[in-house]
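**Q** Here it is, the structure in full.
The values are calculated or read from the model by the stated rules, or taken from the named source; none is laboratory data. Computed from a prediction, not measured in an experiment: that's the story for all the values here. As a convention, Cβ positions derive from the backbone with ideal geometry for all residues, glycine included, and neighbour counts pool all protein chains shown.
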């Protein structure tokens, strides 16, 4: 972690002795003080031009980067800065899990509007480090710059997996079963409730606050992704960042197959189901179209079924649900009450 | 490379059949089409949840991330989008060079304001890929999101170096010589000229347009950094992103020494010297304080001198200049005409 490149018209703020802790270097020093003891494989952490890491032996490296942007991915009325820090890491951990890998190193790049205070940055970093500790990921470096626009948090995560354990999107075949972890639609229902003026938990519909928490602090399936890879239970995998329907479409297209998803099988939380129904929506369609579920979608061939049973036993209570099958025909259909409808488009972009 | 996490209020733009090439996925597809053939060690490139890479054998991995932000690091009146793409990669390559490493993999994360067109993105990616080709770096993934504020380009680069070739900031000792690559102050002078209404090259002072080009398209010292590491010529190294004075201060402080810099030895281009003088500034002080020089500052112990001669022979004409010595006393001084003045502060942040 170090200050950004030379700031042409001006930096995030000068390092001023009268405002200790502010300025790029003051913030970086404060972040470094919060870091836990570094693992032995971190040869040089934050503070030099680059982090220096001993690679994991005998493994391939996985690399992913994803940003969350104020006004695009989060709304500060609904998410605390600790939530934002958590989510910025979560979306990247979810990508490593979707590859069957184990995350290891994170880099944190911040674009800070002038209204952000050192306490805000501290809260954001706190949320980030809380998830990093849970997932055993090491913050090894990063960058801080001023943003003349919104707050953005851009994270890079590297991880590792043995070559034969890597899960790509395109490895599935017709006839294989489709599974999903956890619940779908909860984050969309929770965000809907927040936008409708929710947040008064005392008068909230039962369970909807938990859905809102899924939007604020998604739980990336780090453990299950690594188990799916190591046990070779799945032939293809991806995460649901843009919603279940979008993930089914992409996994099927990358694999050159179609899919039939059973609407009645979808693991939709009761509160989510109630929320969609109360708005006159079909719960299965809305849950499948909703984004922000950082669950894993994966295909299981017949020979993987007993290995999947092993994964399910080790999943520590996270549900793993069969939701459909892959088909030789390229169509993507949602089957409900005997009727077939096209799978909804992915997460609805508002443009 | 893949679309960002689910966009809560809206994405950069919908993928619309009436606007081919626009939308996250359209842009990503267009970028993928531009990529050169992937090296054998890239097991899976853009298109999955994460890139998959075979690590370099027997080497440590270096990781760095740096963003350039419109209105902070560049001004679109002075820099084309191709320049911006180039510079976003250059600042990261400079960090890997400063560690004595060889860059290998890049991830490109874009925050795009709504006024950006697909042609703009194409130009930006073109500048990025032009430097990637020169530096033999592979674009392995990234992310595209909408930005409700300025354009920002956040890049992560990984590289490698053998353990005994890694150059940290803190390895120097008193009595060692300080060297710098290339020229200092050119980018600051060039930006000054652009801001003063320059850009009419026909009436420009001789050489100032070349200085402006140093601001727009810095040349990271990729080859020299790797040579310094491999030849074990330097005891410590860092790049000049925040200016020479700042780099001397940081290298000296990390190494627990002071420094005496010889003002007359500084490699300041004639056009830069003239520019500073015409504004009533002391060229040495202004060049040392100016930012955006992506040169390398390094310390050479007595035993490294003959190895440095080897590096200079292989530097393909890039000057490598001795500018001072490290001292046991912690002071940081600029020696000029027999007088000693404190080294200027680093790049002046405007706040």
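**Q** Does residue B:91 fit the bill of being facing another protein chain (nearest Cβ under 7 Å) and either modelled with pLDDT under 95 or more than 22 Å from the chain's Cα centre (by Cα) (or both)?
**A** For residue B:91, the condition - facing another protein chain (nearest Cβ under 7 Å) and either modelled with pLDDT under 95 or more than 22 Å from the chain's Cα centre (by Cα) (or both) - is not met.
**Q** Could you say which residue among A:115, A:82, A:133 is free of Cβ contacts under 8 Å to residues at least 24 places away in the same chain and surrounded by fewer than 24 Cβ atoms within 10 Å (Cβ to Cβ)?
**A** Values: A:82 fails: free of Cβ contacts under 8 Å to residues at least 24 places away in the same chain; A:133 fails: free of Cβ contacts under 8 Å to residues at least 24 places away in the same chain.
None of the others qualify; the one that does is A:115.
**Q** Output yes when any residue across region B:163-179 is in a helix (DSSP H, G or I), touching a strand residue (DSSP E or B) at 6+ places or on another chain (Cβ under 9 Å) and over 26 Å from residue B:249 (Cβ atoms), and no when none is.
**A** yes
**Q** Right, something else. Could you list, in sequence order, all residues of region B:249-262 that are crowded, with 21+ Cβ neighbours inside 10 Å, more than 14 Å from every other protein chain (Cβ to nearest Cβ) and touching a helix residue (DSSP H, G or I) at 6+ places or on another chain (Cβ under 8 Å)?
**A** Result: B:259, B:261.
**Q** Taking residue B:220, is it touching a helix residue (DSSP H, G or I) at 6+ places or on another chain (Cβ under 7 Å), assigned to a loop (DSSP other than H, G, I, E, B) and more than 14 Å from chain A (Cβ to nearest Cβ)?
**A** Working: touching a helix residue (DSSP H, G or I) at 6+ places or on another chain (Cβ under 7 Å): yes; assigned to a loop (DSSP other than H, G, I, E, B): yes; more than 14 Å from chain A (Cβ to nearest Cβ): no.
No.
**Q** Residue under question is residue B:157, and the condition is that it be at pLDDT 95 or above, surrounded by fewer than 24 Cβ atoms within 10 Å (Cβ to Cβ) and at the interface with another protein chain (Cβ under 9 Å from one of its Cβ atoms); does it hold?
**A** No: the conditions fail for residue B:157.
**Q** Additional query: Looking at (1) at pLDDT 95 or above; (2) surrounded by fewer than 24 Cβ atoms within 10 Å (Cβ to Cβ); (3) more than 8 Å from every other protein chain (Cβ to nearest Cβ); (4) farther than 28 Å from residue B:114 by Cβ, can you tell me which one residue A:55 breaks?
**A** Condition (3) is where residue A:55 drops out.
**Q** If you check A:95, A:48, which single one turns out to be in contact with a helix residue (DSSP H, G or I) (Cβ under 8 Å, 6 or more places away or on another chain) and not assigned by TED's automatic domain parsing to the domain that holds residue A:194?
**A** Criteria check complete, one pass: A:48.
**Q** Same structure again: Just name the residue that is farthest from the other protein chains (Cβ to nearest Cβ) out of those in region A:267-299 that are in contact with a strand residue (DSSP E or B) (Cβ under 8 Å, 6 or more places away or on another chain) and surrounded by 24 or more Cβ atoms within 10 Å (Cβ to Cβ).
**A** Filtering region A:267-299 for residues that are in contact with a strand residue (DSSP E or B) (Cβ under 8 Å, 6 or more places away or on another chain) and surrounded by 24 or more Cβ atoms within 10 Å (Cβ to Cβ), the one farthest from the other protein chains (Cβ to nearest Cβ) comes out as A:284.
**Q** Count, please, the residues in region B:64-79 that happen to be touching a strand residue (DSSP E or B) at 6+ places or on another chain (Cβ under 8 Å) and surrounded by fewer than 24 Cβ atoms within 10 Å (Cβ to Cβ). Explain how you work it out, then say what you get.
**A** Kept after step one, since they are touching a strand residue (DSSP E or B) at 6+ places or on another chain (Cβ under 8 Å), are these residues of region B:64-79: B:64-70, B:72-74, B:76.
Then keep just the ones that are surrounded by fewer than 24 Cβ atoms within 10 Å (Cβ to Cβ); that gives B:70, B:76.
Counting residues in region B:64-79 that are touching a strand residue (DSSP E or B) at 6+ places or on another chain (Cβ under 8 Å) and surrounded by fewer than 24 Cβ atoms within 10 Å (Cβ to Cβ) gives 2.
**Q** So which of B:168, B:178 is facing chain A (nearest Cβ under 9 Å), surrounded by 17 or more Cβ atoms within 10 Å (Cβ to Cβ) and modelled with pLDDT of 95 or more?
**A** Result: B:168 is the single residue among B:168, B:178 that is facing chain A (nearest Cβ under 9 Å), surrounded by 17 or more Cβ atoms within 10 Å (Cβ to Cβ) and modelled with pLDDT of 95 or more.
**Q** A further question on this structure: Need at least 3 residues that are within 16 Å of residue B:189 (Cα to Cα) per element, so show me which helices (runs of 4 or more DSSP H) inside region B:241-351 make the cut, counting only ones lying wholly within it. So that I can check it myself, show each step before the final result.
**A** On the way: elements: B:244-255, B:270-278, B:283-289, B:305-313.
Passing ranges, in order: B:270-278, B:283-289.
**Q** Shifting gears a bit: Would you confirm, using the coordinates I've provided, whether residue B:145 is over 16 Å from residue B:27 (Cβ atoms), within 12 Å of another protein chain (Cβ to nearest Cβ) and not in a helix (DSSP H, G or I)?
**A** In short, no.
**Q** Can you tell me which residue within region A:10-52, out of those that are modelled with pLDDT under 50 and surrounded by fewer than 16 Cβ atoms within 10 Å (Cβ to Cβ), is nearest to the other protein chains (Cβ to nearest Cβ)?
**A** A:16
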